[in-house]
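Report on the following structure.
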Amino acid sequence: MVAAVPEPGSPFEPLEYILDSGTDFYRVASNSRDVDAFNAGLGGRTRFAFFGSITRAVTVDSPAVPILYGAQSIEAAICESILHDIPQTGGLLRPNAYSDKIGARLVTGRDLRLASFMGLGLKHLHIEQTQLIDTPATTYKQTVAWAHAAYVAGFDGAVWMSRRCNSERAYVLFGDRVGPADLAIDPGFGQVYCAGPDLDWLIRFCAPLHIDVLVHS
């Protein structure tokens, strides 16, 4: 049975987590856009997107707040993206899930204030991990309200322990709070999963997770 997702309280006063200036984090993105580009509202609803800047719903008068997801490690970023829909018991990873994806490392250019949805941050908000993070896609309409509450409270984004790699932190950043000067692409790291050594690395990473990576013949 899925735990009910409560409404965020009012006033909404989460604990603050500072992603320090100069901190590395990772993301996996489509090779059709820049790796530091925020999603302005394309695609389906996710756990913390999309919401409007004025109301909870995205309307003509309230366009979606652009968002960018990231993670503490490239492994967590892969688990939260390419492997997101693979069952815990394992399965097949088909080429259309990874062949257009790239991995990148970004560096923060200033301290970012994030609402804490992990550890004592959850206890402070009177909510369980199972009510906000460990929930299926059918609850996203409710969980996105928590990101919107963090936005209204003035935060730059939110942080939680990755559901798919729960030893690592995951992040969502709000695009009209975090600008181009606040993130830099680290040229010293990059992965392209369509072929070559990075595909070999992905295959090795997935093997102990009981995930077979299918490749083009």
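A Cβ distance below 9 Å, combined with a sequence gap of six or more or placement on separate chains, defines the contacts here; from segment 28-46, residues that are basic (Lys, Arg) reach residues that are surrounded by 11 or more Cβ atoms within 10 Å (Cβ to Cβ) and assigned to a strand (DSSP E or B) in the pairs ARG33/ASN39. In segment 66-131, counting only strands (runs of 3 or more DSSP E) that sit wholly within it, the ones holding 2 or more residues that are in contact with a strand residue (DSSP E or B) (Cβ under 9 Å, 6 or more places away or on another chain), surrounded by 20 or more Cβ atoms within 10 Å (Cβ to Cβ) and not polar (S, T, N, Q) span 67-71, 101-108, 112-116. Among the residues of segment 8-35, those identified as among the β-branched types (Val, Ile, Thr) and not in a strand (DSSP E or B) are THR23, VAL35.
Would a scan of segment 209-217 turn up a residue that is touching an Asp or Glu at 6+ places or on another chain (Cβ under 6 Å) and among the hydroxyl-bearing types (Ser, Thr, Tyr)? First the steps, then the outcome.
Of all residues in segment 209-217, those touching an Asp or Glu at 6+ places or on another chain (Cβ under 6 Å) come to none.
So far as segment 209-217 goes, no, none of its residues is touching an Asp or Glu at 6+ places or on another chain (Cβ under 6 Å) and among the hydroxyl-bearing types (Ser, Thr, Tyr).
In segment 86-109, the residues that are under 17 Å from PRO187 (Cα atoms) form Cβ pairs under 9 Å with partners that are part of a strand (DSSP E or B) and basic (Lys, Arg), at six or more places apart or across chains, as follows: GLY103/ARG27; ALA104/ARG27; ARG105/ARG27; LEU106/ARG27.
Residue pairs whose Cβ atoms lie under 8 Å apart, separated by 6 or more positions or on different chains, with the first residue in segment 153-182 and polar (S, T, N, Q) and the second part of a strand (DSSP E or B) and at pLDDT 95 or above, are SER162/ALA71; SER162/ARG169; SER162/ALA170; SER167/MET161.
The values are calculated or read from the model by the stated rules, or taken from the named source; none is laboratory data. All values reported here derive from a predicted model rather than from experimental measurement. Cβ atoms come from the backbone with ideal geometry, glycine included; neighbour counts cover every protein chain shown.
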